[in-house]
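The values are calculated or read from the model by the stated rules, or taken from the named source; none is laboratory data. Because the structure is predicted, anything quoted here is derived from the model rather than measured. Here the Cβ positions follow ideal geometry from the backbone for every residue, glycine too, while neighbour counts run over all protein chains shown. With ligands, DNA and RNA removed, areas are computed over all heavy atoms of the protein, side chains included. Shrake-Rupley method; radii C 1.70, N 1.55, O 1.52, S 1.80 Å.
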Amino acid sequence: MMRAKRLFQTAAAAAAIFLVGLGTAGCGSEEQETEKTSLRIGVSLYRGDDTFINNIRQELEACAKEYEQETGTKVRLDIQDAKGSQYTQNDQAERFISLECDALCINLVDRTAATNIIDRAMEGNVPVVFFNRQPVEEDMNRWNELYYVAAGARESAVLQGRIVADRYRRDPDSLDLNGDGVVSYVLLEGESSHQDSLIRTEWSIRTLKDAGVPIERITGGIANWERSQASALMEQWLLEYPDAIELVISNNDDMALGAIDAMERAGVSGIKVVGIDGTTPGLQAVEDGKMMGTVSSDKEAYAKAIFEIAAAKALGEELPENVVLEDGKYYSSPQRIVVEN
Ligand code: BGC
């Protein structure tokens, strides 16, 4: 992959003279002018086995290496897996702060439970970049050193709806398989507590309706972003509604792939499937013609925003020009449509 050649704006930071705490845990009160030649950043993932999050993790690691090479600042990226436990994640954050991490990057397990981490970060004066799982606004407003990076849920859903609408306009028979004038779909949803699930479902369907595509929902279910759960649901639906399903709308690529797994097991073909994320296996499925399309978020820009905000805030630097924050806190990564040939 071609990596952006832009120099990290914080290059000068390697040699910059600024204040850091000495001796005590976190940023201590005793301050002294010193030269900052290294950065330590603590990252906690809600689940290390999540495909999309794994893709972001790989990009983050690449970013840290690139930053080291370009600035000469040694970066220690400490990445931990919370394995679905908010308690574990709280402990990890606390430990990062006691190890004097300069910034935290947190992919919350429970997006309504950021309080503890924010309390500790404020005490230690350590900036926090949340990503992918959005803390509630009340929490985000507690401190001006809290940031949030994600791919906009509404944008991804509108683009997903557009994939189907464009296809219907060009070739209605490929979606209306039984020729009854209606596209009958099933819907795979992510975790019910995740902001992306509700927004993606709503805006994907709304976009299809607004575009005048005649659609009818057969059924839907929550598969918690997981391939195996989606596969089990689809297996059941194929038995319950034989020859009726014409389209699978999935809140993410992994669940879309699960639906395809079930179709392959059942020997069913022709049903169109759309996802969101553009994960490595998702993009592969589009290329192989197994998935009609996906909405790919720019994972390099996404990870770079997380890293650059963390580094710049840790060093007390301005953000580079390519990282534009809304309301001084929120960054949305670019997304694009990827469709089969
Ligand atoms: C992604 C999913 C991922 C989830 C994790 C969503 O934005 O689309 O693939 O599993 O975030 O929080």
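Other residues with beta-carbon under 12 Å from the beta-carbon of Leu238 carry, at +1 per Lys or Arg and -1 per Asp or Glu, a net charge of -4. At an R0 of 22 angstrom, the distance between the Cβ atoms of Arg47 and Asn116 translates into a FRET efficiency of 0.70. For the chain, the Cβ-based charge dipole about the Cα centre amounts to some 380 debye (Lys, Arg positive; Asp, Glu negative; other atoms uncharged).
The spread of Cα positions in the chain, taken along each principal axis and listed from longest to shortest, comes to 75, 39, 33 Å. Here's the list of lysines a cross-link from Lys313 could span, going by alpha-carbon distance under 19 Å and ignoring same-chain residues fewer than 8 apart: Lys36, Lys65, Lys74, Lys304, Lys329.
For the chain, modelled as a GNM whose springs connect Cα atoms under 10 angstrom apart, the maximal fluctuation among Arg169, Arg120, Arg40 occurs at Arg169. The local environment of Asn224, defined by Cβ-Cβ distances under 9 Å, has a net charge of -3 under the rule Lys, Arg +1 and Asp, Glu -1. Straight-line cross-link reach from Lys83 at under 15 Å between alpha-carbon atoms covers these aspartates and glutamates, not counting any fewer than eight positions away in the same chain: Asp49, Asp50, Asp91, Asp110, Glu226. Using Cα pairs closer than 8 Å and at least 6 residues apart in sequence, work out the relative contact order for the range 232-324, in percent. Value for the range 232-324: 21 percent. Distances between placed amide hydrogens fall under 5 Å for Val149 paired with Phe130, Phe131, Asn132, Tyr331, all partners being 5 or more residues away or on another chain. In percent, rounded to a whole number, the relative contact order of the chain is 17, using alpha-carbon pairs under 8 Å and six or more apart. Other residues whose C-beta falls under 11 angstrom from the C-beta of Asp173 contribute a net charge of -1, scoring Lys and Arg +1 and Asp and Glu -1.
Here the chain has 46 percent of its accessible surface on carbon and sulfur atoms, given a 1.4 Å probe and all protein chains in place. Give me the accessible area per residue for the chain, probe 1.4 Å, as a whole number in Å². Counting only protein heavy atoms, the per-residue value for the chain is 45 Å².
Result for the chain in a Gaussian network model with C-alpha springs under 10 Å: among Ser269, Ser231, Ser184, the largest mean-square fluctuation is at Ser269.
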